[in-house]
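**Q** After the structure tokens below, expect a handful of questions from me.
Bear in mind that the values in this text are calculations on the coordinates, not laboratory data. Bear in mind the structure is a predicted one, so any value in this text is a computation, not a measurement. Glycine gets a Cβ as well: all are built from the backbone with ideal geometry, and neighbour counts include every protein chain shown.
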Amino acid sequence: MNKILHILLARLNNRLTLINQKSPAQNAGAGIALISGLMLLGAVYFLFAYSTLRGLWYHKALCGFSTLVFVFLCKESYFEVYEKRIKKDLPDTLKKLTHYYNHYKGNIIPALEDTISRCPRSNRIYIIKIKDALMKPDYQSKIEELENKMPLIWLKMLCRLILSAKENGGESPVGDVVSNNLKRMTNIVTFLDIEQGYNDAELLDMQLFVFFSPFLVIPMTKWYNTSLLSDLNLGDIYGSIQAHGLTAIMMLISAVGAVFIHWMRKLQS
């Protein structure tokens with residue numbers, strides 16, 4: 001059990017490190033608090049699910065599976081809050097970087113310095129990390145290393161673009177390629193933020209409904225239609241098994257469906 005908790009804590013720390021760019025040691029406290037909160041939520045959910053199902057052993061096993069799915073979705077939702085904030089503020093950061101890059105005629109270091117002081121706070125740490133990497137003698141390898149630590153694909157692309165600006169910025173006689181690419185990236189990210197925002201909101205509502213629908217349907221059915229689930233009191237053993245089986249199947253389908261919709265949301269982002 002301790003080994004499993006250690007592995008889970010290490011993975012949470014790695015995910016936190018990608019988002020806030022702190023070391024795993026610095027994120028240890030936040031990781032412990034997060035895993036404690038997830039365990040508490042999981043325990044509450046399991047007790048609620050277990051009170052709904054009091055049948056055979058596999059019904060209880062499905063309660064456990066549903067609890068694992070619930071904890072997984074809670075964990076993903078926690079990180080999504082930060083990742084969405086980063087992505088939402090990224091167009092503003094790119095606009096400022098493009099402005100200062102053109103203002104300093106392709107000199108990327110002062111452009112990054114001014115961007116750091118004026119960009120949204122959620123993006124600031126990434127621009128600072130990029131600038132620090134460019135200041136190193138072996139900046140190419142440092143940028144490549146930093147690229148692998150970025151939480152979003154757009155920040156990875158920005159690392160490559162800024163590396164190109166460091167090496168070739170302002171050299172094009174027709175028009176600065178780096179500046180043009182920054183403008184294109186800004187437009188693309190802005191469009192995707194708007195388009196994916198609507199789609200993601202719809203899928204998120206669907207995901208929540210699918211996952212929690214058994215806990216809405218089952219109590220209402222027990223109250224409204226006693227002929228379907230009235231045998232949950234074990235008065236008729238065969239009817240009780242059938243009713244519990246139906247309930248367990250509903251919970252299994254809802255959990256698998258919620259994971260599938262979550263996977264669809266991750267694909268489009």
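**Q** Taking 7 Å along the Cα-to-C-beta vector as the label spot, tell me the ALA61-ALA28 distance in nanometres, rounded to one decimal.
**A** Computed distance between label sites ALA61 and ALA28 equals 3.9 nm.
**Q** Using a simple spin-label model with points 7 Å from Cα along the Cα→Cβ vector, what separation in nm is obtained for VAL44 and ASN2?
**A** Reported label-point gap for VAL44 and ASN2 is 3.0 nm.
**Q** For the residue pair MET135 and PHE212, what label-to-label distance in nm results when each label sits 7 Å from Cα along the Cα-to-beta-carbon direction?
**A** With each label placed 7 Å out from Cα toward Cβ, I get 4.8 nm.
**Q** For SER117 and GLU167, FRET efficiency with R0 = 41 Å and r from the beta-carbon atoms, rounded to 0.05? Numbers along the way, then the final one.
**A** Details: r = 25 Å, r/R0 = 0.60.
Working from the Cβ atoms, E equals 0.95.
**Q** Moving to a separate point now. Mind giving me the FRET efficiency for LYS183 and GLN21? R0 is 30 Å, r the Cβ-Cβ distance, nearest 0.05 is fine. Write out the running numbers ahead of the final one.
**A** On the way: r = 26 Å, r/R0 = 0.87.
Efficiency at R0 = 30 Å is approximately 0.70.
**Q** Same structure again: Taking region 22-86 as the region of interest, what is the percent of Cα-Cα pairs per 10 angstrom bin, listed from the shortest bin to the one with the maximum distance?
**A** Going out from 0 Å in 10 Å bins, region 22-86 shows 20, 39, 25, 13, 3 percent.
**Q** Order 133-144, 104-115 from most to least packed using the mean count of other Cβ atoms within 10 Å.
**A** Numbers: 133-144: 14.7, 104-115: 18.0.
Most protected by this proxy first, the peptides run 104-115, 133-144.
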